[in-house]
Structures are given as C-alpha cells and as structure tokens.
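See structure below.
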Amino acid sequence: MGTEYKFRVRTIPGALVAEFTDANYAFTKIVNEPGNAALILHKDHNAVQYLTDKAQVEIWRKTDDIDWYIDFKVIVRDEERSYIANKDSFKVIGYGSNVGLSWRIINWYANYGNRTIFTNIPAETVMKTLVDYNVGPNALASNGRKRDGAIPGLTIRPDLGGGNVINWSCFGGNLLEELQKIALIAGGDFALEWTEDELYFQFYPGQYG
C-alpha cells in the first residue's frame, strides 16, 4: 500500500477529539524553525469543530515496513474558508512546536550577566538559559524578568555544556530569532520537542535530523 497518513486532533489540554484520513495536506519540517502544515477538509467535516486556535494536530505516518508513528505535530493558528460550488472547504494552517519560542522576547534588562549578555559560555548553556528564563520555569517577574513569560509545563533538558564557547548579547530580541542566530555558530541545533506527555527544550550537538 506504500505510505499512509492519518491525522489526530487534540484539545489544548491534550484530549483526543478527532481522527481522520480524508484530508488534503502538505507539511514542511525545518531544523531550527517551526515548520508548518496545511490541512484542507470539506467545511462540513466533523473534525472542523475541533480545529480551533491552538488545537494540536498530530500527523501520523506508516509504510509497508514501519508501523504508525507521529511524523509531525503542529499547533493550529490560522484558518480559511472557501465557498466554491460543490467544493466548499475549510483550511487550517498549523506550526511546529518551535513556534512557541517566537512568542517571547528576551525581556530582561540590558547588559544583565547570563540573561542578556553572555561571555565565554558554551552555546548549549546560552540557549538553555535563554529558554529557561524567557519561556521556561524561571521566566518569572519574581526572578527579575520584566514580566512573567513561562509556558506551563515546559521543561529544559539537563545542560551538558555542549557546543562552541561563544560571546552573545541579545537584549530585547525575539527568543526564536536569537536561538536561530546562535545556532549558526553554536556547533549544534535546537528544538522544542513535544510528546504526548511532555514539552521540553533540547540542544543537539552537531546536526539534528
């Protein structure tokens, strides 16, 4: 039968609410970027009611040799409706979990050591510190950030001090954009990984994927 795909939709808390195979689709996965996916269904499809803002969509894949596995997961952010005779459709666009990193800026004071300026620090440590203190558990005004920014449930994998030693200044920058710039000299890649039970940030020495 070759390659098959199916789609599962979950609510923001993660409850499974729909599963289907009858959709037109396209998706792109890109290292160090969110990537994206588009699904097109008939406007009266039962799953449309669940494809709301920030719903989770799992794209499952199988081949003749490999059983079902999750190939890509996205967060729904945009929708379009088209009304053409006999072809009324509903289109949703979602983005991979790295998009969550773009929702925050480096919201600490300028020249703040190990928050907005880093000197002779391993790239993995710089990345994980920026994530931790801008979108992770320590992204709190009580810690000195200008405002709370933590995404509930997001964790940081242990820091092994990997990558190249770098100097970096990033006051006010968008978190995802800063991580992408660091990755160009880091000696490694990064990802906000999303499993059924966990959302975590990790650094990958060398090349990811």
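Coordinate-derived values only; no laboratory data. In this text the structure is predicted, and so the values were computed from the model without any measurement. Quick reminder, even Gly has a Cβ in these numbers, built from the backbone with ideal geometry, and neighbours come from all protein chains shown.
Search the structure for amide H atoms under 5 Å from the amide H of Lys43, placed 1.01 Å from N in the peptide plane, and list their residues when 5 or more places away or on another chain.
Placed amide hydrogens put Ser89, Phe90 under 5 Å from Lys43.
How many nm is it between the label spots at Tyr25 and Arg157, if each spot is 7 Å from the Cα in line with the beta carbon?
2.5
Of Thr52, Ile70, Ala37, which is farthest along the charge dipole of the range 37-84 in the positive direction, counting Lys and Arg as +1 and Asp and Glu as -1 at C-beta?
It is Thr52, whose Cα lies furthest towards the positive end.
Tell me which residues come under 5 Å, amide H to amide H, from Thr155 once H is placed; ignore anything under 5 positions away on its chain.
Placed amide hydrogens put Leu199, Tyr200, Phe201 under 5 Å from Thr155.
Under a Cβ-Cβ cut-off of 11 Å, what is the net charge of the residues other than Lys128 that fall near it, where Lys and Arg count +1 and Asp and Glu count -1?
Here the count lands on -2.
What relative contact order, as a whole-number percentage, does the chain give when Cα pairs under 8 Å and 6 or more residues apart are counted?
Normalised by residue count, the contact order of the chain is 18 percent.
What is the range 38-161 by shape, rounded, prolate or oblate, if you read a ≥ b ≥ c off the alpha carbon gyration tensor as root eigenvalues and call it rounded for a/c under 1.5, prolate for a/b larger than b/c, and oblate otherwise?
On the way: a/c = 3.47, a/b = 2.00, b/c = 1.74.
Because a/c hits 1.5 or more and a/b exceeds b/c, the range 38-161 counts as prolate.
Considering only the range 113-209, what is the antiparallel percent among its DSSP beta bridges, to the nearest 5? Can you show the working numbers first?
Details: 11 of 15 bridges.
Given both bridge residues lie in the range 113-209, the antiparallel proportion sits at roughly 75 percent.
Would you grab the residues whose amide H sits under 5 Å from the one on Gly188? Only those 5+ places off in sequence or on another chain, please, with H modelled 1.01 Å from N.
The list, which skips near neighbours in sequence, is Gly206.
Quickly rank 104-115, 168-179 as a protection proxy: mean count of other C-beta atoms within 10 Å, highest first. If you can, show how the numbers build up before the last one.
Values: 104-115: 16.3, 168-179: 19.0.
Result, highest mean first: 168-179, 104-115.
Restricting to bridges with both residues inside the chain, how much of the DSSP beta-bridge set is antiparallel, in percent to the nearest 5?
90
State, to one decimal in nm, how far the label point of Ser169 lies from the label point of Ile40, with both points 7 Å from Cα in the Cβ direction.
According to this spin-label approximation, the distance is 4.9 nm.
Against the longest alpha carbon principal axis of the chain, how many degrees, from 0 to 90 and to the nearest 10, is the axis of helix 175-186 turned?
70
Might you report the magnitude of the Cβ-based charge dipole of the chain about its Cα centre, with Lys and Arg at +1 and Asp and Glu at -1, to the nearest 20 debye?
700
With Cα extents along the principal axes in Å in mind, check [x] 80, 48, 30; [y] 60, 39, 28; [z] 65, 45, 36 and report the label derived from this structure.
For Cα extents along the principal axes in Å, the calculated option is [y].
Between helix 123-134 and the chain, what is the angle of the helix's C-alpha long axis to the longest principal axis, kept within 0 to 90° and rounded to the nearest 10?
70
Figure the gain on full extension for Gln49 and Ala15 (residue separation times 0.36 nm, minus the Cα-Cα span) and round it to one decimal in nm.
Value of the extension gain: 10.8 nm.
Which entries of Lys6/Lys91; Lys54/Lys181; Lys54/Lys91; Lys62/Lys91 have Cα-Cα distances beyond 21 Å here?
Lys54/Lys181; Lys62/Lys91
Hey, got the dipole for the range 1-45? About the Cα centre, +1 on K and R Cβ, -1 on D and E Cβ, debye to the nearest 20? Mind showing how you got there, number by number?
On the way: 5 positive and 5 negative charges, 23 e Å.
The calculation lands at about 100 debye.
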